[in-house]
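Heads up, the thing below is written out as C-alpha cells.
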C-alpha cells in the first residue's frame, strides 16, 4: 500500500464527450456485473431447489420403506397361520 506521503493529487480537464464515453463504459461494465450476479443467483436457486426436491424424495422413500416393513411384519403372522392351515389340510391332519 502506498503511504500518504507518496500520494499526489492531480486535477485535469477532459472534454465532455470523453467523460460521457467513460461514464457509459462504466455503466455497461456494472450492468454486465449485475447481470452476471443475477444469472449466478438464479442458477444457485435452481440447483438449490433441485437438491431440496432430491432430498425430500430420498426422505420419502426411506419413510415408505419403514411403512412397508411394518406392514410386512404385521402380516407375517397371518402368512404363517395360512401356511400351517394349508399344510394341515393337505396332510389330512
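Structural remarks
- A Förster distance of 30 Å, applied to the separation of the beta-carbon atoms of residue 5 and residue 40, puts the FRET efficiency at 0.10.
- Length available on full extension from residue 73 to residue 85: 0.36 nm per residue minus the Cα-Cα distance, which gives 2.4 nm.
- Using the Cβ-Cβ distance between residue 30 and residue 50 with R0 set to 25 Å, the FRET efficiency works out to roughly 0.25.
- Helix content alone sets the calculated 222 nm mean residue ellipticity of the chain: runs of n ≥ 4 DSSP H residues at -39500 (n - 2.57) each, divided across all residues, give -31000 deg cm²/dmol.
Values in this text are rule-based calculations from the coordinates and carry no lab data. This is a predicted model, so every value here is computed, not measured. Heads up, the Cβs are rebuilt from the backbone with ideal geometry, glycines too, and the neighbour counts pull from every protein chain shown.
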